[in-house]
Amino acid sequence: MTEESIVRIMIVDDLPIVIHGLRQVLEATPTFSVVAEAGNAEEARFHVKNRKIDLVIMDIRLQSSTNGIELTKEFSAGIENPAILIFSDEKHVEFVRRALRAGARGYLLKGSDIGKIRSAIGIVMEGSIYLDVKLPRPTQQELDPLTPTEEKVLRLISEWKTTKQLAFELELAESTVKTHKRNIMSKLYLSGSHELEREAIGRYGNPDDRGGR
């Protein structure tokens with residue numbers, strides 16, 4: 001196992017028992033390494049600036065002036081920019097929407113088993129969005145509208161275009177295409193690449209049904 005294959009994780013929660021329990025669960029998987037723990041925003045900031053962290057698993061409610069959603073926005077805009085997976089008891093749609101808008105790549109409910117935690121981390125670290133299946137779904141009116149570029153990306157996804165092909169056709173960097181994909185998933189409340197593909201086909205149809213156009 002190479003160092004590059006290890007996901008370096010920081011846990012941020014104001015309850016030590018949650019941190020301890022989650023650390024035990026995570027470290028049962030050889031490819032996960034908990035390199036930092038924080039009970040508040042100040043400790044979390046220190047670790048992000050001074051350690052190499054790939055993923056932050058963080059609660060929304062923290063015993064500090066900054067909550068987990070605000071900290072997500074701060075980290076997502078920073079140079080380090082670790083992936084953020086919200087780990088919370090909060091199920092309300094508005095919390096999820098705010099977290100995704102702030103830059104979170106996933107939202108997992110507390111009480112999830114190790115299989116679900118592994119799946120969430122895998123989806124987030126491959127660059128997709130993860131949303132717990134137990135979360136309530138927003139209404140169509142609550143979904144954020146796509147930009148014209150995001151609409152183009154979604155249409156091309158319905159034609160089974162790869163990220164590289166999308167980048168070539170749209171004259172964008174592959175990293176920019178990946179960002180557009182995450183934004184689409186966040187706005188439309190989609191979890192993982194399979195749901196993204198299903199949404200694209202649902203909106204624009206299968207290319208075989210369109211005569212390859």
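Read-outs throughout are calculated quantities, based only on the coordinates presented, and are distinct from any laboratory measurement. On a predicted model such as this, the values are computed, not experimentally measured, just so you know. Don't worry about glycine lacking a Cβ; one is built from the backbone with ideal geometry, like all the others, and counts go over all protein chains shown.
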Once the in-chain neighbours fewer than 8 apart are removed, the aspartates and glutamates whose Cα is under 14 Å from Lys116 read Asp132
When you take every Cα atom in the stretch 140-204, what is the radius of gyration, and what is Dmax, the widest Cα pair distance, in Å? 10.9, 33
Give me the distance between the Cα centres of the stretch 97-143 and the stretch 144-213, rounded to whole Å. 19
Using θ = phi - 60° and Karplus 6.51 cos²θ - 1.76 cosθ + 1.60, couplings along the stretch 135-146 (whole Hz; Gly, Pro as x): 6, x, 8, x, 6, 4, 5, 7, 6, 6, x, 7
For the pair Gln24/Glu70, report the inter-label distance in nm, with labels modelled 7 Å from Cα in the Cβ direction. 3.3
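List the relative contact order of the stretch 147-204 as a percent without decimals, with contacts defined as Cα pairs under 8 Å and 6+ residues apart. Don't jump to the answer; show the numbers that get you there.
Numbers: 35 pairs, mean separation 23.3, N = 58.
So the answer I get is 40 percent.
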For the chain, what's the relative contact order in percent, using C-alpha pairs closer than 8 Å and at least 6 residues apart? 14
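For the stretch 1-87, just run the numbers: alpha carbon Rg, then divide by 2.2 N^0.38 Å, N being how many residues it has. Working shown, then result.
Values: Rg = 12.2 Å, N = 87, 2.2 N^0.38 = 12.0 Å.
Against the empirical 2.2 N^0.38 Å value, I get 1.02 for the stretch 1-87.
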Normalised contact order of the stretch 1-95, rounded percent, pairs of Cα under 8 Å and 6 or more residues apart: 28
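Given a cut-off of 29 Å, name the pairs among Lys49/Lys134; Lys49/Lys110; Lys73/Lys134; Lys52/Lys152; Lys73/Lys178 whose C-alpha atoms lie farther apart than that in the structure shown. Mind dumping the intermediate values first?
Values: Lys49/Lys134 34 Å; Lys49/Lys110 27 Å; Lys73/Lys134 24 Å; Lys52/Lys152 35 Å; Lys73/Lys178 19 Å.
The pairs that break the limit, which is 29 Å between Cα atoms, are Lys49/Lys134; Lys52/Lys152.
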Hey, of (1) 32, 18, 16; (2) 24, 20, 17; (3) 43, 19, 16, which did the structure itself give for semi-axes √(5λ) of the Cα gyration tensor in Å when calculated? (1)
